[in-house]
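Read the structure below first, then the notes.
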Amino acid sequence: MEAPPTSPGSGWSGKHAVELYVRTYTTMLQSSGDIKVESLVQAHLLMGSVLHPQAAEPQTDMGALLYAVRRLPAAINHCRRVIMGQSPQGFKAVLGADILGWEGVKAPARRRRWYHDGKNTLAVLIASASDIDDLVPTLVAFQIEWNKLHRLLQDVGLSEDEARHAAGATQDDWRRLHDAWGDAFDANLAAIKREECRMVLRLIGGSHLGFARNASRWWLPIAAAMDDLGARDAPIYFVSSNAHSLVNVLTGVARRIENEIVDWIGKSDRDLDSERRKLEAGHSRASRQNWLYYGARQVFDVHPERDRLRKWRAELEAANGVRHIPAVGTGVDSAAQVFMLSKLDASAIDPRVGAVDERKLRESDACILNVDYPLGEAAYHILRQVAEQAAWVAGVYVLGKAATLNADVGDVMIPNAVYNEHSGNTYWLDNCFTASDVQPNLVYGSALDNQRAVTVRGTFLQNRDYLDFYYQGRYTVVEMEAGPYLDACYEIGQPDRYPVNESVNMAQAHFDLGIVHYASDTPYTQARTLGARGLSYRGMDSTYASAIAVARRILQREEALVPQK
């Protein structure tokens, strides 16, 4: 069991280039004034990011542009100043600006709190240093590609064919850009032709204490909800996943309105309705439960009677001991859910979970705290805060997206080793999940256990040499949260703070520990990243196969604690 190679070799230059880039923007952002994005372009180009392989080429890198566009708010197309900060109070103290009075804006594919002053400035709240590692390269890539398009469009008209051909974009990529920009497509294209993009950045704060304070504020409404449920002293099963999987698996909401879902999808989504017909005709091996879960999202979002349906859902979930706690007022933009196990309706739980002993479920005193997975090091601050405040941590389960170096999109990877770039620690764990826990409910993909994962600084902060560097050490899963979570797990069971640059055996943790990743990206083939196509309906397969494994594990452990009668 070896850690990644650390001596200079085939991947060393790639690792060095990434570290140089990170060091460049980290030191520059220590300035009390604005810094120019232009000053970071050279380091960005030298890094050779696998997400931005054509950064130095004159032609547009549509994959990188689409990735950046989906992770930035639409206002970025006319804003030229971006200010990052840890709290609204920090913005007020340093700039005299009440950003909470500005317009709140969002990015389509990255949860983060953005505020637009209505003019030229965007303010963004950050939850950890990982937000900086994510945001800065994204903004640099956006500016690079904007300015390429600016040059390419100078001598052509803005008609559909002329602009697309000048950009060197495929019809599919051009369509995706249309979808991303929507009604503003023509105006954005005209703005690109009219002027170059020259952004400036600034960081306010950025201290470890500030991030810990944010996590403490994030916890307060969760604590209030647990008090209201009588669960303040309950053992906690901590789950990091998403906002829809566990609530569907454990409450059966979607299955209770099956007729409404089938009727609405039949009227509004031809492709999804076609999937249902294949299921009913036996021409598809996919799960009808997953189809219902996916269709339910549309019903609750766009159905003409969505207000009535949402009210019904809220009442049903409340009766089942489920509370939803939105993230408000801090840089930690991770909503949470609390499930009181004793109040769940055993008959409504997804049948793929297996038989549930209703009597034993009623006698459980535990709860599940499900957190909408955070980005990078915010995971450490969140889990540490939960562990400090909880009466007892009974289990920690991490379910999230990852890139894979040896598998395919939709596969599930279960690691027994995680290397964390942030702390330099290699964690060896006795993962409570194996392939057999996931594979029976995985139709389209494969479950691979005994894998090795590396927690990287950011999605753009990887290059081909760097990935090869890890692949040589048999690290095949590339993700952003497991390492910080394991740093926090270390502190739950040990008397000191997590170490640095050590090999750590987590097999003796006094709580249940499981990590499952489903592949959403294949970095060696850029066109197959989420930025290009998204997981969509088929992505439900790996997501729910993993969520069912988590739910089953928790319920079985609770049943084992209740004595037989």
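The values are calculated or read from the model by the stated rules, or taken from the named source; none is laboratory data. None of the values given here were measured: they were computed from a predicted structure. Ideal geometry is used to build each Cβ from the backbone, glycine not excepted, and the neighbour counts take in all protein chains shown.
From the list ARG464, ARG457, which one is touching a residue at least 12 places away in the same chain (Cβ under 8 Å) and surrounded by fewer than 20 Cβ atoms within 10 Å (Cβ to Cβ)? Please lay out each step first, then the result.
Numbers: ARG457 fails: surrounded by fewer than 20 Cβ atoms within 10 Å (Cβ to Cβ).
That would be ARG464, the only listed residue that is touching a residue at least 12 places away in the same chain (Cβ under 8 Å) and surrounded by fewer than 20 Cβ atoms within 10 Å (Cβ to Cβ).
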**OP:** Considering only region 523-537, state which residues are closer than 20 Å to TYR373 by Cβ and modelled with pLDDT of 65 or more.
**Re:** PRO523
Original post:
Any idea which of LEU149, LEU139, LEU177, LEU158 is of a type in the set (A, V, I, L, M) and assigned to a loop (DSSP other than H, G, I, E, B)?
Top reply: LEU158
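Does GLY90 meet the test of being over 29 Å from TYR470 (Cβ atoms), modelled with pLDDT of 95 or more and outside any loop (DSSP other than H, G, I, E, B)? Even if it seems obvious, please write down each step before you answer.
On the way: over 29 Å from TYR470 (Cβ atoms): yes; modelled with pLDDT of 95 or more: no; outside any loop (DSSP other than H, G, I, E, B): yes.
No; evaluated as a whole, the condition is false for this residue.
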Subject >> Looking only at region 500-510, and only at residues there that are at pLDDT 95 or above and not in a strand (DSSP E or B), the one that is farthest from VAL393 (Cα to Cα) >> reply: ASN501
**OP:** Identify the single condition in (1) in contact (Cβ under 8 Å) with a residue 12 or more places away in the chain; (2) surrounded by fewer than 16 Cβ atoms within 10 Å (Cβ to Cβ) that LEU316 does not satisfy, given that it satisfies every other one.
**Re:** (2)
Original post:
Do we find a residue being under 29 Å from the mean Cα position of the chain (by Cα) and under 30 Å from GLY354 (Cα atoms) anywhere in region 206-223?
Top reply: yes
Original post:
Tell me, which residue of region 120-149 that is β-branched (Val, Ile, Thr) and in contact (Cβ under 8 Å) with a residue 60 or more places away in the chain is surrounded by the fewest Cβ atoms within 10 Å (Cβ to Cβ)?
Top reply: ILE132
Original post:
Would you say HIS283 is assigned by TED's automatic domain parsing to the domain that holds ALA327, without any contact (Cβ under 8 Å) to a residue 60 or more places away in the chain and surrounded by fewer than 18 Cβ atoms within 10 Å (Cβ to Cβ)?
Top reply: yes
**OP:** Test VAL418 against the stated conditions and say whether it is surrounded by 19 or more Cβ atoms within 10 Å (Cβ to Cβ) and in contact with an Asp or Glu (Cβ under 7 Å, 6 or more places away or on another chain).
**Re:** no
Original post:
Taking the condition buried (at least 18 other Cβ atoms within 10 Å of the Cβ), closer than 19 Å to ALA68 by Cβ and either among the β-branched types (Val, Ile, Thr) or out of contact with any Lys or Arg (no Cβ under 6 Å at 6 or more places or on another chain) (or both), does LEU152 pass?
Top reply: yes
Original post:
Just for region 263-272: of the residues that are surrounded by fewer than 16 Cβ atoms within 10 Å (Cβ to Cβ) and in contact with a helix residue (DSSP H, G or I) (Cβ under 8 Å, 6 or more places away or on another chain), which one is farthest from SER347 (Cα to Cα)?
Top reply: SER268
Subject >> Tally, over region 467-499, of residues that are part of a helix (DSSP H, G or I) and surrounded by 15 or more Cβ atoms within 10 Å (Cβ to Cβ) >> reply: 16
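A quick yes/no check of all residues on (1) farther than 23 Å from ALA75 by Cβ; (2) touching a residue at least 60 places away in the same chain (Cβ under 8 Å); (3) in contact with a His (Cβ under 9 Å, 6 or more places away or on another chain):
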| residue | (1), (2), (3) |
| --- | --- |
| ALA191 | no, yes, yes |
| VAL200 | no, yes, no |
| GLY205 | no, yes, no |
| SER240 | yes, yes, no |
| HIS244 | yes, no, no |
| VAL249 | yes, yes, no |
| GLU258 | yes, no, no |
| LYS267 | yes, no, no |
